[in-house]
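Inspection log for the structure reproduced underneath, given as structure tokens.
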Amino acid sequence: MRLTVIGSAGSTAGPDSPPSCYLIEADHEGRTWRIVLDLGPGTLGPLQRLCDPTAVDAVVVSHGHPDHCADLASLSVLFRYGPAAGEGRAPVPLYGPAGIDRRVVQIAGSEDDRDLEAFAFTAVGAGDRAQVGPFTLDFASAWHPVPANAVRVTGPSVAGGAVSLVYTGDTDRCDTVLDLARGADALLAEAGWAHQAVNPPGIHMTGTQAGELAREAGVRALIVTHVASWVDPAQTLEHAAAAFGAAVTHAHPGAVADL
Ligand SMILES: [Zn+2]
Ligand SMILES: [Zn+2]
């Protein structure tokens, strides 16, 4: 299973990265299967260097904040009018909290539901499981101001056997995400708070909290992401590594992890 970071800037695009988007790929039964985790604004561009976004096996959106879902509307345009339009291609499977499909219509600003034609939507939340080819997706509720999911992706390891990656989405430190992350091979954890000393509850984690979560969950590797776009991630990474008790990596765009 290969993770490629398309965008990782927290909350808004930054000078060096669009916001959240991650591509997960695995070879299975003679072809490459692909899942996209989140589709922040501007990520549809670089995603096309690696695949045809209208032909991925699933898009999983953690929640409805624009830095995680705005390019769903762009994907709808690409599906309906792009090179593959008229091929009768199946709609893209879309998983997310209830109502995420409506975000497509809201962003598109249209008065009908034609923008939804690009997607086959399944609402998912705490305890739900979905199967996408070789990938098993398990969902848990995150702690955020809007309905938000964390997801555990289990799929074939490059070394043989199974491997699991947990993506926190946006969340404050909470036990539901901790339980989802227990024993995972890799934790892709947000650390959105670094720019103020006291943070309001129920929104993001600090680097220290992300590191503590990873240590408590007993994960093998910690990849820190969603550092606020206007913050140098160096200190957040330092705090995360100190709390995790081992080296951590930063999810900069183009970063690849073979799991
Ligand atoms: Zn965010
Ligand atoms: Zn958010």
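The values are calculated or read from the model by the stated rules, or taken from the named source; none is laboratory data. Note that the structure is a prediction, hence the values are computed from the model and not measured. Positions of Cβ are generated from backbone atoms using ideal geometry, with glycine treated the same way; all protein chains shown enter the neighbour counts.
For the reader, a short list of remarks on this structure follows.
- Looking across region 242-259 at every residue that is over 19 Å from the mean Cα position of the chain (by Cα) and crowded, with 20+ Cβ neighbours inside 10 Å, the one that is nearest to Ala26 (Cα to Cα) is identified as Phe244.
- Neighbours by Cβ (under 8 Å, 6+ apart or cross-chain): first from region 188-212, polar (S, T, N, Q); second at pLDDT below 95 and more than 15 Å from ligand 2 (Cβ to nearest atom): Thr206/Ala194
- Residues that are surrounded by fewer than 22 Cβ atoms within 10 Å (Cβ to Cβ) and closer than 22 Å to Gly169 by Cβ, drawn from region 29-40: Trp33
- Odd one out for Thr208, checked against (1) within 14 Å of ligand 1 (Cβ to nearest atom); (2) hydroxyl-bearing (Ser, Thr, Tyr); (3) out of contact with any Phe, Trp or Tyr (no Cβ under 9 Å at 6 or more places or on another chain): (1)
- When Val104, Val166, Val146 are screened for being crowded, with 18+ Cβ neighbours inside 10 Å and at pLDDT 95 or above, only Val166 passes.
- Subset of region 202-235 that is surrounded by fewer than 18 Cβ atoms within 10 Å (Cβ to Cβ) and more than 14 Å from Ser17 (Cβ to Cβ) - its residue that is nearest to ligand 2 (Cβ to nearest atom): Ile203
Here's the yes/no breakdown for (1) among the small types (Gly, Ala, Ser); (2) surrounded by 14 or more Cβ atoms within 10 Å (Cβ to Cβ); (3) modelled with pLDDT of 95 or more; (4) within 16 Å of the chain's Cα centre (by Cα):
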{"residue": "His63", "(1), (2), (3), (4)": "no, yes, yes, yes"}
{"residue": "Cys69", "(1), (2), (3), (4)": "no, yes, yes, yes"}
{"residue": "Arg80", "(1), (2), (3), (4)": "no, yes, no, no"}
{"residue": "Pro83", "(1), (2), (3), (4)": "no, no, no, no"}
{"residue": "Leu94", "(1), (2), (3), (4)": "no, yes, yes, yes"}
{"residue": "Pro97", "(1), (2), (3), (4)": "no, yes, yes, yes"}
{"residue": "Ser110", "(1), (2), (3), (4)": "yes, yes, no, no"}
{"residue": "Leu116", "(1), (2), (3), (4)": "no, yes, no, no"}
{"residue": "Gly133", "(1), (2), (3), (4)": "yes, yes, yes, no"}
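- Counting only strands (runs of 3 or more DSSP E) that fall entirely inside region 14-127 and contain at least 1 residues that are β-branched (Val, Ile, Thr) and without any contact (Cβ under 8 Å) to a residue 60 or more places away in the chain, the qualifying elements are 31-37, 92-96, 119-123.
- Matching residues, region 60-108, being within 23 Å of Ala140 (Cβ to Cβ) and touching a helix residue (DSSP H, G or I) at 6+ places or on another chain (Cβ under 7 Å): Val61, Ser62, Gly64, Cys69, Leu72, Leu94, Ile100, Asp101, Arg103
- Given (1) within 20 Å of Asp258 (Cβ to Cβ); (2) surrounded by fewer than 19 Cβ atoms within 10 Å (Cβ to Cβ), index of the condition Gly45 fails: (1)
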